[in-house]
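Structure, as structure tokens:
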Amino acid sequence: MIRSGGLVCFPTETVYGLGADALSETAVRRVFAAKGRPVDNPLIVHIADPRQIFDLADENLSFNAEILAKTFWPGPLTLVMRRTILVPNAVTAGLETVAIRMPDHRVALALINEVGSGIVGPSANISGRPSPTLASDIVEDLRGRVELILDAGPTQFGIESTVVDVTVDPPAILRLGALPRKDIEGAIGPVTLGTGDDLLRRSPGTRHRHYAPQARVVLVKEADPGELSRILAELRQRGNDVGCIVHSPQLASVETGQFFCVLPGDTDMVARYLFRTLRELDRRGVDVILVEEVSEEGLGSAVMDRLRKAASA
Ligand code: TXA
Ligand code: MG
């Protein structure tokens, strides 16, 4: 199906991707249309063997790129490199760079190997919505818009890969994600975190709405039952149906019921279940979702990045 220009959703260790032939301009345009994705937001090309880099990116790999690929691939790390002319403009949104990653999932790798060249793989959600961590999330968003969904059960990390620009020295993180910053720094030394105008220039897609459920998202302080109860009461007073997503023992017993979701306490688990719980509360029809913040350790800063974007949509 991919070879004939079709769209095939596939599992990865982070979230599900919407796969299509990365070298076919027509197939890539269908991906943008299916997701309702703004055309200035470039796609990641997924490969199954690090040597496939050389079909897509400049042969003079930076030393940092080489170490990062050797250390973390297959895995939840996307490298932004200078592109070759083989990569269609639609993939890179006209940028001079291309984002590449080798996912750590046997179904994804088998699929890419069978196709024989790279496949694009944006998260398989309608643009702006939480990424899919279950095949049923894709059915909800993309039913009738894709040819096939490969269901391999829930994804492991639950949030997307970390995106690192290795065309600059020191490299710059353009999107926090499932590979923590300190792991990257452990391998190549200090990196920067892209922000403001510089980030918008290098990763124009970050300006758009992201990760947002239909309900309004409001963040509440970690482990502060007083604040949670006060905000809950206020919102209900104004007639809202309110859902909650909490994880700390302090907040776990504030309420019970189908609108009150308690996630396992550690941050990796909050990352794993966050998107699917946001979607679940949407299905239950709440107006507002209160989400307990997490401390910015390990995957915590990536989780907080998603939460802040969801809350500002
Ligand atoms: O974990 C993931 O990365 C998932 C799975 C399916 O692999 N994919 C994913 O793709 O999250 P998507 O399209 O939802 O996010 C791609 C991110 C966006 O932030 C985009 O702006 C950035 O990568 N990106 C892609 N190409 C880029 C480039 N040439 N320069 C800078 N940023 C780029
Ligand atoms: Mg996405």
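The values are calculated or read from the model by the stated rules, or taken from the named source; none is laboratory data. Computed from a prediction, not measured in an experiment: that's the story for all the values here. Here the Cβ is made from the backbone with ideal geometry for all residues, glycine too, and neighbour counts use every protein chain on show. Accessible surface areas use protein heavy atoms only, side chains included; no ligands, DNA or RNA. Shrake-Rupley method; radii C 1.70, N 1.55, O 1.52, S 1.80 Å.
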Exercise. Do the conditions hold for SER161, that is, is it under 28 Å from MET81 (Cβ atoms) and open to solvent by less than 10 Å² (accessible area, probe 1.4 Å)?
Worked result: yes
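Yes/no per residue for (1) of a type in the set (Asp, Glu); (2) at pLDDT 95 or above; (3) in a helix (DSSP H, G or I); (4) surrounded by fewer than 19 Cβ atoms within 10 Å (Cβ to Cβ):
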residue: ALA187; (1), (2), (3), (4): no, yes, yes, yes
residue: ASP198; (1), (2), (3), (4): yes, no, yes, yes
residue: ARG201; (1), (2), (3), (4): no, no, yes, yes
residue: HIS210; (1), (2), (3), (4): no, no, no, no
residue: LEU232; (1), (2), (3), (4): no, yes, yes, no
residue: GLY239; (1), (2), (3), (4): no, yes, no, yes
residue: CYS244; (1), (2), (3), (4): no, yes, no, no
residue: GLN250; (1), (2), (3), (4): no, yes, yes, yes
residue: CYS261; (1), (2), (3), (4): no, yes, no, no
Exercise. Quick check: anything in the range 33-41 within 25 Å of LEU134 (Cβ to Cβ), surrounded by fewer than 21 Cβ atoms within 10 Å (Cβ to Cβ) and away from ligand 1 (no atom under 14 Å from the Cβ)?
Worked result: yes
Exercise. In the range 156-184, what residues are assigned to a strand (DSSP E or B) and either near ligand 1 (Cβ under 8 Å from one of its atoms) or basic (Lys, Arg) (or both)?
Worked result: VAL163, ASP165, LEU174, ARG175
Seminar exercise, completed: Going through the range 42-55 in order, the residues found to be more than 12 Å from ligand 2 (Cβ to nearest atom) and open to solvent by less than 10 Å² (accessible area, probe 1.4 Å) are VAL45, HIS46, ILE47, ILE53
Problem set entry | Residue in the range 214-230 that is surrounded by the fewest Cβ atoms within 10 Å (Cβ to Cβ), counting only those that are over 21 Å from ASP305 (Cα atoms) and not acidic (Asp, Glu) | GLY226
Seminar exercise, completed: Of the residues in the range 140-154, those that are open to solvent by 10 Å² or more (accessible area, probe 1.4 Å) and within 19 Å of the chain's Cα centre (by Cα) number 8
For this session: Would you check if ILE2 is closer than 24 Å to GLY205 by Cα, more than 16 Å from ligand 2 (Cβ to nearest atom) and modelled with pLDDT of 95 or more?
Result: no
Exercise. Can you find a residue in the range 16-25 that is aliphatic (A, V, I, L, M) and not in a strand (DSSP E or B)?
Worked result: yes
Exercise. Do you know which residues across the range 57-68 are open to solvent by less than 10 Å² (accessible area, probe 1.4 Å) and within 14 Å of ligand 1 (Cβ to nearest atom)?
Worked result: ALA57, ALA65
